[in-house]
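Written out below as structure tokens is the structure these notes cover.
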Amino acid sequence: MLDLKFIRENSKRVEDALKNRNVRLDVNELLKLDSQRRAFLTELENLRHDKRKESDEIAKLKTQGKPIENEVAALKTVSERESELEQKLAELERQIKDFLLLIPNVTHPSVPTGADAAANQVVRVVGEPRKFDFPVRTHLELGEYLKLIDLPRAAKISGSGFVLFTGQGARFERAMINFLLDLHTKEHGYTELSPPFLVNRASMTGTGQLPKLEADMYRLKDDDLFLIPTAEVPVTNIHANEVFEESDLPKYYTAYSACFRREAGSYGKETKGMTRVHQFDKVELVKFVQPETSYDELEKLVGNAERALQKLELPYRILALSTGDISFAAAKCYDIEVWSPGLQTWLECSSCSNFEDFQARRANIRYRQAATKRVNFVHTLNGSGLGMARIFIAMLEHHQNADGTVTLPKALRPYLDGAERLVPQF
RNA sequence: GGAGGGAUGGCAGAGCGGUUGAAUGCGGCGGUCUUGAAAACCGUUAGCCCGCAAGGGCUCGUAGGUUCAAAUCCUACUCCCUCCGCCA
């Protein structure tokens with residue numbers, strides 16, 4: 001959520017930001033509502049001021065045992081006028097709030113301007129897509145041969161877009177999650193959390209998924225709870241309505257969670273195999289930081305995700321998302337993509353964003369500045385470290401051998417009893 | 001699922017219709033004293049909104065209601081605690 005005062009004073013900048021994101025919203029309509037609101041507010045406050053004074057008079061008269069009938073009658077009409085104004089004001093404030101919740105974040109000046117993903121900039125490529133001297137198998141072929149996954153049975157029990165990991169496939173998935181959590185807690189200074197996978201409406205609104213993306217979420221209607229699309233939601237909201245001391249910052253959290261996405265309407269070739277599924281595992285990184293450090297923290301966050309890919313010995317590239325492709329709440333975002341030799345494409349496996357104070361305003365997450373004693377909004381960041389389904393794909397396809405086995409990177413072996421390869425199980 | 005109790009400032013805790021945004025204690029900050037510290041004493045110590053400012057308004061879990069007037073009375077909801085039942 002943007003600050004109304006900021007919008008009032010920077011309406012041109014907000015309009016430009018909306019245009020660059022291809023969002024059609026009329027800021028002037030909002031500003032009109034706002035000036036109406038302030039007019040009503042002034043009137044109401046003056047009324048209340050007078051009423052309070054007179055009410056104190058009545059209290060005095062009463063303790064002196066004097067009659068108060070006339071004063072009480074006079075105040076009754078004032079009170080009626082007051083509640084009239086209150087209703088009008090509340091209606092205006094509701095409209096303004098609803099409007100504000102639909103305005104996306106203003107992007108950072110360094111974000112490339114463009115209409116869509118074509119305008120994303122490749123920041124750097126690390127490692128190279130591997131050249132093979134044998135026919136490359138896809139993760140589906142390897143998964144079947146090595147008995148790692150069973151998609152037909154997953155479809156039987158749940159439907160398409162779900163994965164059943166089997167035997168060493170389940171073990172392999174768990175090993176990677178453990179490897180990632182250990183890396184981020186032991187080497188990068190994050191505190192591990194294990195959050196609920198269901199959250200309430202306030203949490204979904206706090207991080208910016210609601211109200212816009214309700215159709216993308218799994219929702220339990222009887223309880224008005226949502227299955228989390230990412231651990232970002234519960235983890236960012238753990239500090240909702242709290243005030244940090246500045247000395248508490250920065251705060252780093254990492255959490256494993258399953259992530260649930262309806263992916264409504266996204267049927268097509270992308271849904272083949274494991275690239276786009278309704279449920280996947282992810283290790284998330286979340287930071288709460290002082291505003292002046294947030295862009296440095298973003299670079300460090302990307303570095304933490306990169307380190308995981310390097311240890312898994314996978315080639316990857318980093319994109320700076322354009323104004324047309326960046327998500328609703330982000331001020332700046334880097335996507336990290338791994339190369340899939342089987343699909344011959346780059347797959348997004350991490351998305352690292354600085355939200356500045358956009359989420360902090362919605363979720364009311366603040367800190368007390370040590371120097372001024374003033375309370376101010378923190379900046380929040382998050383990034384995948386990493387998203388598993390695509391990493392599973394890249395690991396199998398990139399590290400495959402001619403005989404259909406998969407060589408494991410050294411960093412992962414301790415999590416699989418020292419095994420050097422995934423081999424067929426009998 | 002059933003029965004009862006509760007939710008007040010950073011924390012503890014009073015207030016239960018009227019000059020109470022809120023006693024008191026602890027903690028925090030500033031000062032006096034001290035070579036320094038402790039103790040003692042004095043002062044100070046919520047957030048939000050409108051306003052250039054002066055100033056004003058709002059907020060005692062949340063949302064409604066009663067009243068001239070609500071932290072205080074009523075209703076619903078949320079969360080916490082105790083007991084019973086059930087159960088990974």
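The values are calculated or read from the model by the stated rules, or taken from the named source; none is laboratory data. Only a predicted model underlies this, so the values are computations on that prediction, with no experimental measurement involved. Glycine also receives a Cβ, built like all others from the backbone with ideal geometry; neighbour counts cover every protein chain displayed.
Odds and ends about this structure:
- In segment A:13-24, the residues that are in a loop (DSSP other than H, G, I, E, B), out of contact with any Pro (no Cβ under 9 Å at 6 or more places or on another chain) and at negative phi: A:Arg24
- Residues satisfying the stated conditions in segment A:61-91, i.e. within 8 Å of RNA strand B (Cβ to nearest atom) and of a type in the set (Ser, Thr, Tyr): A:Thr63, A:Ser79, A:Ser83
- Matching residues, segment A:362-376, being buried (at least 19 other Cβ atoms within 10 Å of the Cβ) and under 17 Å from the mean Cα position of the chain (by Cα): A:Arg362, A:Ala363, A:Ile365
- Considering segment A:178-204, the residues that are part of a helix (DSSP H, G or I) and under 22 Å from A:Met217 (Cα atoms) include one that is nearest to the chain's Cα centre (by Cα), namely A:Met204.
- Any hit, segment A:48-60, residues being closer than 30 Å to A:Ile96 by Cα, surrounded by 13 or more Cβ atoms within 10 Å (Cβ to Cβ) and either within 6 Å of RNA strand B (Cβ to nearest atom) or not assigned by TED's automatic domain parsing to the domain that holds A:Ile96 (or both): yes
- Filter result for A:Thr380 (within 16 Å of RNA strand B (Cβ to nearest atom) and either surrounded by fewer than 19 Cβ atoms within 10 Å (Cβ to Cβ) or outside any helix (DSSP H, G or I) (or both)): no
- Filter result for A:Thr107 (in contact (Cβ under 8 Å) with a residue 60 or more places away in the chain and outside the structural domain of A:Gly404 (by TED's automatic domain parsing)): yes
- Checking A:Ser35, A:Ser11 one by one, the residue that is free of Cβ contacts under 8 Å to residues at least 40 places away in the same chain and more than 14 Å from RNA strand B (Cβ to nearest atom) is A:Ser11 and no other.
- Qualifying residue in segment A:15-25 (condition: near RNA strand B (Cβ under 9 Å from one of its atoms), in contact (Cβ under 8 Å) with a residue 12 or more places away in the chain, surrounded by 14 or more Cβ atoms within 10 Å (Cβ to Cβ) and within 30 Å of A:Tyr334 (Cα to Cα)): no
- Residue within segment A:351-362 that is within 16 Å of RNA strand B (Cβ to nearest atom) and not in a helix (DSSP H, G or I) present: yes
- Any chance A:Ala240 is surrounded by fewer than 16 Cβ atoms within 10 Å (Cβ to Cβ) and aliphatic (A, V, I, L, M): no
- The lone exception for A:Thr372 - which of (1) within 16 Å of RNA strand B (Cβ to nearest atom); (2) modelled with pLDDT of 95 or more it fails: (2)
- Filter result for A:Ala175 (surrounded by fewer than 18 Cβ atoms within 10 Å (Cβ to Cβ) and in a helix (DSSP H, G or I)): no
So that you can scan it fast, the table gives a plain yes or no per residue for (1) more than 30 Å from A:Ala154 (Cα to Cα); (2) aliphatic (A, V, I, L, M); (3) assigned to a strand (DSSP E or B):
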site	(1), (2), (3)
A:Ser257	no, no, yes
A:Arg262	no, no, no
A:Lys282	no, no, yes
A:Glu297	yes, no, no
A:Lys300	yes, no, no
A:Ala305	no, yes, no
A:Ile326	yes, yes, no
A:Ala329	yes, yes, no
A:Val338	no, yes, yes
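- Contact map, segment A:42-58: residues that are hydroxyl-bearing (Ser, Thr, Tyr) paired with residues that are within 6 Å of RNA strand B (Cβ to nearest atom) and assigned to a helix (DSSP H, G or I), Cβ distance under 8 Å, separation 6+ or inter-chain. Pairs shown: A:Ser55/A:Leu75.
- Members of segment A:389-409 found to be charged (D, E, K, R) and surrounded by fewer than 22 Cβ atoms within 10 Å (Cβ to Cβ), listed by number: A:Asp403
- Search result, residues across segment A:334-359 that are within 27 Å of A:Val106 (Cα to Cα) and without any contact (Cβ under 8 Å) to a residue 24 or more places away in the chain: A:Glu337
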